[in-house]
1. Can you go through L261, L252 and tell me which one is out of contact with any strand residue (DSSP E or B) (no Cβ under 8 Å at 6 or more places or on another chain), surrounded by 12 or more Cβ atoms within 10 Å (Cβ to Cβ) and assigned by TED's automatic domain parsing to the domain that holds R331?
2. Keeping to the stretch 219-236, report how many residues are part of a helix (DSSP H, G or I), in contact (Cβ under 8 Å) with a residue 24 or more places away in the chain and within 20 Å of A251 (Cβ to Cβ).
3. Select the helices (runs of 4 or more DSSP H) contained entirely in the stretch 89-188, then report the ones holding at least 1 residues which are modelled with pLDDT of 85 or more and surrounded by 14 or more Cβ atoms within 10 Å (Cβ to Cβ).
4. The conditions are (1) within 20 Å of N345 (Cα to Cα); (2) buried (at least 16 other Cβ atoms within 10 Å of the Cβ), and N298 fails exactly one of them. Which is it?
5. Can you name the condition, by its number, that G297 falls short on among (1) in a loop (DSSP other than H, G, I, E, B); (2) touching a residue at least 60 places away in the same chain (Cβ under 8 Å)?
6. Across the stretch 60-88, what is the total count of residues that are of a type in the set (S, T, Y) and part of a strand (DSSP E or B)?
7. For the stretch 140-152, check the following and say yes or no: at least one residue is charged (D, E, K, R) and farther than 20 Å from E112 by Cα.
8. Take the conditions closer than 26 Å to G111 by Cβ and acidic (D, E) and apply them to D150. Does it pass?
Amino acid sequence: MTDNTQETRLVFTKKWIEQLPPNPKDALAREKEYSDTQAVGLKLLVSKQGRKFFYLRYTINKRKRGIKVGEFGPMSLIEARHRCNELKAMINKGVDPQEEKHQLQQIPSFGEYVSQHYLPHAYSTKRSAHDDESKLRVHLLPLLQNRRLDQITTQELQRYHDQLKNKYCPATANRHLSLLHRMFKLAINWGFMDKNPATGIRKHQENNERHRYLSDQEIFAFIDALKTEENPVAAAAFELLLYTGVRRQEALDAKWEHVDLQKRTWYIPRSKSGKLRHVILNGMAIELLQRQPRVPGNPYIFPGKIKGKQINNPQKAFARVLKKAGISNFRIHDLRHTHASIAINNGASLYEVQHLLGHSQSKTTSRYAHLADETLRKVSDTVSDRIAHAMS
């Protein structure tokens, strides 16, 4: 057995550490320990392979403990002494660095938090959980997957928010910011972190509000194209959206048990606001529903290819219909706008349209104010023409 008689207590220097030989292979201990007399408690452990690690030995609450500071090479002697002083300052305040390290190890990575905590909660509480999962899978997980939650900074989230605005639009960036803010707020509530890095980031001014409605000629062409669509279930769903003005997912989730054709009502158990709401079925909606075949074992009005499930995402069918009808720059959601515009142009008030569409706030309906103004302008012109006629 080799006897290593080299002094183990001395002032560390960079040159001395570099020249230290590996701990002898026939030594009883796996590592040889040296003590720095300049930074009390700082140790250097040298392995039989020649690797050198800084450690801090300390006593807290009458317990002797040790914590790894870093490996010599990636960490310099100056950095090790500085870190050692930081740890000793914590100890003087009664904070055990070992416990602090253990607590940090309990903080999940962003990817772990998403899969193990956030998404299970979202799917049990949010109708739009699948939208959250899409945002996370496509955008956020590739960026933050392996980052510990408490390592994510406000600055990088601000940068991400700005990049989304430039790549897509302000509204898209704002939806992502809202998702991040909620996720970190829940992480705080669940004890994973103390500060929300999304707090303080201002939403971008949204200027992408659009007003696209079908004209009378386009409505005729649209319904005509529906008659020859190769997916009749999707075509019927589009037709109902136009007749009722409901949201796409509300129509796709509709079940026969929710509809009372005699009372001409359709109740939606859980709307976007999370509340029950009733939809008044007009004559064309009633006629459409009466034509719909019922599939045994499937409760949905618009059944999909999977047994017992509803139709999923009829986007391709919608694109075929638009192409056949010669309609461009139009979304499925614009059928809802078209329904509202028809109502307003035929004398409905904004208050009536708010309840017709199931808006929980009147400001949401205010986007149709210009249509209401146009209707009133026509009425005012009628009065003007009548007075002019009387005067003549």
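1. L261 is the lone residue from the list that is out of contact with any strand residue (DSSP E or B) (no Cβ under 8 Å at 6 or more places or on another chain), surrounded by 12 or more Cβ atoms within 10 Å (Cβ to Cβ) and assigned by TED's automatic domain parsing to the domain that holds R331.
2. 8
3. 110-113, 119-125, 129-135, 141-144, 154-167
4. Here N298 meets the rest and fails (1).
5. So the condition that G297 fails would be (2).
6. Matching residues across the stretch 60-88 total 0.
7. no
8. Taking the combined requirement at face value, the residue satisfies it.
The values are calculated or read from the model by the stated rules, or taken from the named source; none is laboratory data. Keep in mind the model is a prediction, meaning the values are calculated, not measured. All Cβ positions, glycine included, derive from the backbone under ideal geometry; neighbour counts span all protein chains shown.
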